[in-house]
Amino acid sequence: MLGRFEYVRPRSVDEACRLLADQGAGAEVLAGGTDLLVDVRNGVRSPSVLVDVKRMSELQSLDVKPTHGEVALGAAVPLNVIAENRDLRRTYPGLCAAALSIATYQLRNRATVAGNLCHASPAADMAPILLVLGASLIVRSTKGSRAVPVAKLFAGVKRTSLAPGELVVDVRIPPLDGELSTAFRKQQRIRGHDLAVVNAAAAYAPYRGVLRVAIGSCAPTPILLDPIDTTGVSRSALADEVARRAAAVTAPIDDVRASSAYRRAVLPVLLCALLADVMDERGGR
Amino acid sequence: MTRELRVVGTSVPRDDAIGKVTGAARYTHDLVLPGMLHAALVTSPHAAARIVRVDTTEATRLPGVRAILAGADLDVRLGLYMQDKRILARDVVRYQGEPVVAVAADTLDLARDACRRIHVEYESTPAVFDPRDAMKSGAPLVHPDLGSYAHLDGVFFPRSRTNIAHHQKIRKGDFEAALTSAEVTLEARFDNPPVQHVPLETHAAIAQALPGDRVEMWTSSQSPYTVRHLMSVAFGLPHGAIRVHVPYVGGGFGGKAGLNLEPLVYVLSKAAGGRPVRFIATREQEFNTLPSRQGLYSTIEIGATRAGKIAALRATYVWDAGAYADYGVNVGRAAAYSGGGPYAIPNCWIDSFVVYTNKVFGTAYRGFGHLEVLWGVERAMDQMARKLGLDPAEFRRRNLLKPGDATITGETFTPGHGKPAECLDAVAKAIDWGTPSQQPTAPTKRRGKGIAMLHKAPAMPTSTSCSAIIKLDEDGAADILVSGVDYGQGTYTVLRQIAAEELRLPIDAVHINSDCDTAFTPYDWQTVASRFSYMGGHAVIHAAADCLRQIRAVAAQVFGVAVDKIVCENASAYPAGEPERAIPYKNLALGYTYPNGNAIGGPVIGHGRFIAHDLTHLDPDTGQGRPAQFWTYGAHGVEIEVDTETGEIEILRIATAIDAGKVLNAGLARGQVIGGVVQGIGSALWEGYRFDKNGRLLNPSFVDYKIPTAKDLPREMLPILLENPQPDGPYGARGIAEHPMISVPSAIGNALYDALGIEFTSLPLSPEHVVARLAEKGSKP
Amino acid sequence: MHDIELRVNGHVERASVPAGMTLLEFLRDRLALTGTKEGCGIGECGACTVLLDGKPVTACLVLAVEADGLDVHTIEGEATDGELSALQRAFVDAGAVQCGFCTPGMIMSARGLLLRNPHPSDEEIVEAIAGNLCRCTGYEAILAAVRVASRPSAAMLTGEVAKDGGRLRPPGSARKGSGR
């Protein structure tokens, strides 16, 4: 057995929120379980009750409005469903690339975007793209509903700013106000499934001349750089500027996955490739 | 054998595949016995410590807990070559991950619960992690009582009051003189980290202590008879009182070669009143508690003439044995006698030290030290070639063993040994050696080519033996009984082919045990060392001949002709020239019954055997002798593309030539080559244990110990199997199981020099490692 | 304890399970379907892959209670009335099976692939089985087997051989799916 805990399967968000409020700190939300159940098995987390949110229709929606780019990703939608959605692939290829980079095909049939974000690993692969897209989490609790920008979600290594009893219902990407080119890149140790040594995402709005970049695995939380004005800036100067800003706000560490030196060496390479992805080919990677 | 072969040499598919693709095949993980208990472990968090106190009071009170044992309860010593191990740590722990307390309970959850309630108090003691440090005087002693340990006298030489479990020497010719007079010399150092076998099925064992001091076991093992023998030695039980079953085994690669979990489950069963006890290692325990492949530090010196002939080679191998060295000492011994590579080296001096450290211990691993040693040797060969201004392939050609040359142990190389030069030429051709690579796919990438030689003989006792029984079924089909284990390599299919060939039966009419059982399947030493097809093949040929003798004797009587006039063909026997009178085997399998009812002969049961012969121990001072039943030679040629910004290496193509002597089954042989090459790539590019400064293993799971996935394959893999016959091999065959893995890292390391102009001396050649060396060099493309 | 009802290989199973029991434990220990293997317990190796409502998942990270009301397909459900599927036959013929421990999970991943994509590209095959670790084969023969099984003409031929009770070919006959 993985552990000793109770299991409940609410049928509505209201019911789920009531359960989470009643159970307090001992309750954990069970979506895909690919992080949570591993932690429970390894004794890292010992919840007393798991609240299974996969059979609530409110969390299952995948709503993509292709013309405006507004997207609602239900919190219980598996990553494979997101990665394979044609509208998403066309509108936000960087989002789908990020989803596809996670774990294995089997795990992506369970893992969710919300789960990836809420686990709040500094290497969370969905974080950089959702940061550059200015996404928000819609969370519900017995107190009501609120929107938490992803940029305000990460509080530290494996810590979010969500309050106890808050349940992520979906992830919203705001509507586009023009063409946007997105891409995601992830440096791994092998080509097979791996956690990120460094990851990053970029979104480029050519009509406004604005580039957004976010970087993961180089700080206690994923980091969103301030928007960069690209008008009139040469590509190489832009690459230098992005690398400079990235180095200024990141502090990669030595860990079992990689050395700080390697992360610092590879980050500018990744960022340079990302620039090419979003600025050379419309649609990115 | 000059006759036309019908079955041997064809790619017969394995029939055990059917059980495996349906899920019907049962592994030790799947076996459940009535009343079976489940075991769990408390392992040491410290690399070196005194066990002060073990408090099991809370755990003992749990319902369903049937036995709790600690090292203090078990005065049993384990080990054959070096008796340095206990079942559970006794008085001290020597590596982080070492089993300290074991629990058997009604369910696995109960057992684990009980383990969580066991409190062990330790007092940390000084530890040593680098074997080079461990060799220095004043280093903490991992085994202070080393001098009193029983060991195989005359074969292994532990040094009391040190951390040196064994010192193997090769002294051929006069190295010092040769080196002094050599025109060009080179010294280089190399190292590789410990790695793990990573069988998909972790170690598992079940034991039931039976009345009358008997024991029955089921174990995921490569060697049922070695398990039986070592259990006999450890517990003082007669061999016949110990019964070992080996069901399907989910991979071994050497990690399941010796004695592992079996004593533990046995003592638990005894303590639990004879109920069967099963222990299955978690994946983390597989990495952290079960054995690994030893790390190695090498120093290699070569002296050569300007014309490119090696005059002298000296190597010092310092093996990181980890906390226990029963198997490790043998790796250190075997690697020494191969330790110069497949070359004619007139003056050779090798010191191979197997050194204790406070880390998880090493054991046999595919290649048995040869991948580790040839990482250094084959890299040094390239360096010497460059120093001489010679093409690395040409330098090797000038030095590869040729008929009449002597190996470093004084064995004479003959045409029957195979053709290493032909292997070299084959891979050179396959990767267009001598022609520069095409343009890389990006300006920040570099391409390079590299080659490396490999060789290995089975590292086994001089009297290693093997046996087989063939009995005929009532329908005239044949059943083969052997105790070698087919844990994926496909040898059972090869043995079926051999029996079918010899008995003149269709392949479908030859069956082989899917399980081994020491009560019924006859002796085999261990399924290691790439000798099962060779020795088992001989045993089966021998057993088949015995069956035919019995068949012919009866048929001769029935037909009233001399025995030598009886032909066996098409599953039947007849007088020469008269096939129309043939009696099918099914009418001879249980003797023959005349029409009037009289019966002669009896059940046809043939037995065969093979014993290693003409081998000698190595001289303790010079290492001279004849350790090798046969040698298998080979080479790899590899072309890579390396990204100088990320350090990632892509293998564009890797050609692997092995002189197999005779390819008994091309499909299975290809499977061994591809599988071994990919496993070798793992060692080359990504795999390696990482420890913190306290000796704690940092990557004991797939999260951070990465093995190749289907996405990590070379673009092209080109196996080339040569067939220069081994005169005394079955149909001219040699073993090839370990060889494809050996020297894969060497070839890639050589290709990296070609691509980047950097000498890599440490494994793995990870992206981070490559970038770090590039940064050191200060070069940007 | 939770009462669950699920379909396993087409049979309805009803059981009472603790919340903490994984689907893997349920299959192996309760239903004695030991074909699905545990290789790591953390979803990294794929040895425990089964199909859940037709989708490959690692059963070690699915709770039995989560499978309530769903459809589970394991390796034991792959053959029909003792006849190997074309996919199983392709694995046998291509030399894609060595120790066999990864094989059930591999076949389940491949089955999942062919259910959603009957004619996958080589890249799609790699992606589908990349989450299944194998230490013996080096993957080449496994990829070849899935390739063969996904080609309609080959599947027909292998189907014919499978009708032959899954018997081996006579020596000397052409091998299919032998890779490069």
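Quick notes on this structure:
Okay, residues lined up against (1) part of a loop (DSSP other than H, G, I, E, B); (2) within 14 Å of chain A (Cβ to nearest Cβ):
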residue: B:Gln672; (1), (2): no, no
residue: B:Gly680; (1), (2): no, no
residue: B:Gly688; (1), (2): yes, yes
residue: B:Gly695; (1), (2): yes, no
residue: B:Ser701; (1), (2): yes, yes
residue: B:Leu718; (1), (2): no, no
residue: B:Asn724; (1), (2): yes, no
residue: B:Gly735; (1), (2): yes, no
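- Residues of segment B:703-716 that are within 14 Å of chain A (Cβ to nearest Cβ) and either in a loop (DSSP other than H, G, I, E, B) or acidic (Asp, Glu) (or both): B:Val703, B:Asp704, B:Tyr705, B:Lys706, B:Ile707, B:Pro708, B:Thr709, B:Asp712, B:Leu713, B:Pro714, B:Arg715.
- Filter pass, A:Leu275 being closer than 30 Å to B:Arg773 by Cβ and within 12 Å of another protein chain (Cβ to nearest Cβ): no
- Residue within segment C:69-90 that is touching a helix residue (DSSP H, G or I) at 6+ places or on another chain (Cβ under 9 Å) and closer than 18 Å to A:Gly3 by Cβ present: no
- All conditions in (1) at the interface with another protein chain (Cβ under 10 Å from one of its Cβ atoms); (2) in a strand (DSSP E or B) hold for C:Asp3, with the sole exception of (1).
- Scope segment A:129-182; condition out of contact with any Ser or Thr (no Cβ under 9 Å at 6 or more places or on another chain) and of a type in the set (S, T, N, Q); matching residues: A:Ser136, A:Ser141, A:Thr142, A:Ser145, A:Thr160, A:Ser161, A:Ser181
- Among the residues of segment A:150-165, those identified as touching a helix residue (DSSP H, G or I) at 6+ places or on another chain (Cβ under 9 Å) and not basic (Lys, Arg) are A:Val150, A:Ala151, A:Leu153, A:Phe154, A:Thr160, A:Ser161, A:Leu162, A:Pro164, A:Gly165.
- Test for A:Gly24: is it touching a Leu at 6+ places or on another chain (Cβ under 7 Å) and either assigned to a helix (DSSP H, G or I) or within 11 Å of another protein chain (Cβ to nearest Cβ) (or both): no
- Every pair of residues 6+ apart whose Cβ atoms lie under 7 Å, when the first sits in segment A:157-181 and is under 17 Å from A:Leu30 (Cα atoms) while the second is of a type in the set (Phe, Trp, Tyr) and not in a loop (DSSP other than H, G, I, E, B): A:Thr160/A:Phe154
- Matching residues, segment A:86-115, being more than 14 Å from every other protein chain (Cβ to nearest Cβ) and part of a helix (DSSP H, G or I): A:Arg86, A:Asp87, A:Leu88, A:Arg89, A:Arg90, A:Thr91, A:Pro93, A:Gly94, A:Leu95, A:Ala98, A:Val113, A:Ala114
- Only one of B:Ala182, B:Ala177, B:Ala139 that is farther than 26 Å from B:His617 by Cα, modelled with pLDDT of 95 or more and among the aliphatic types (A, V, I, L, M): B:Ala139
- Taken as a whole, segment C:14-36 holds at least one residue that is in contact (Cβ under 8 Å) with a residue 60 or more places away in the chain and not assigned by TED's automatic domain parsing to the domain that holds C:Ile129.
- Selected residue (only one of B:Gly661, B:Gly647 is within 14 Å of chain A (Cβ to nearest Cβ), touching a residue at least 12 places away in the same chain (Cβ under 8 Å) and in a loop (DSSP other than H, G, I, E, B)): B:Gly647
- Looking across segment B:1-41, the residues that are aliphatic (A, V, I, L, M) and within 11 Å of chain C (Cβ to nearest Cβ) come down to B:Leu5, B:Val7, B:Val8, B:Val12, B:Ala17, B:Ile18, B:Val21, B:Ala24, B:Ala25, B:Leu31, B:Val32.
- Identification of strands (runs of 3 or more DSSP E) wholly contained in segment C:22-98 with 1 or more residues that are at positive phi and facing another protein chain (nearest Cβ under 8 Å) yields no element.
- Options B:Gly434, B:Gly450; residue that is over 19 Å from the mean Cα position of the chain (by Cα), among the small types (Gly, Ala, Ser) and in a strand (DSSP E or B): B:Gly450
- With a requirement of 2 or more residues that are modelled with pLDDT under 95, under 24 Å from B:Gly19 (Cβ atoms) and not acidic (Asp, Glu), the helices (runs of 4 or more DSSP H) lying completely within segment C:120-180 that satisfy it span C:152-163.
- If you go through segment B:17-43 and keep only what is buried (at least 22 other Cβ atoms within 10 Å of the Cβ) and part of a loop (DSSP other than H, G, I, E, B), you end up with B:Gly23, B:Ala25.
The values are calculated or read from the model by the stated rules, or taken from the named source; none is laboratory data. Predicted model only: the values in this text are computed from it and were never measured. FYI the Cβ positions are ideal-geometry reconstructions off the backbone, even for glycines, and counts take in every protein chain you see.
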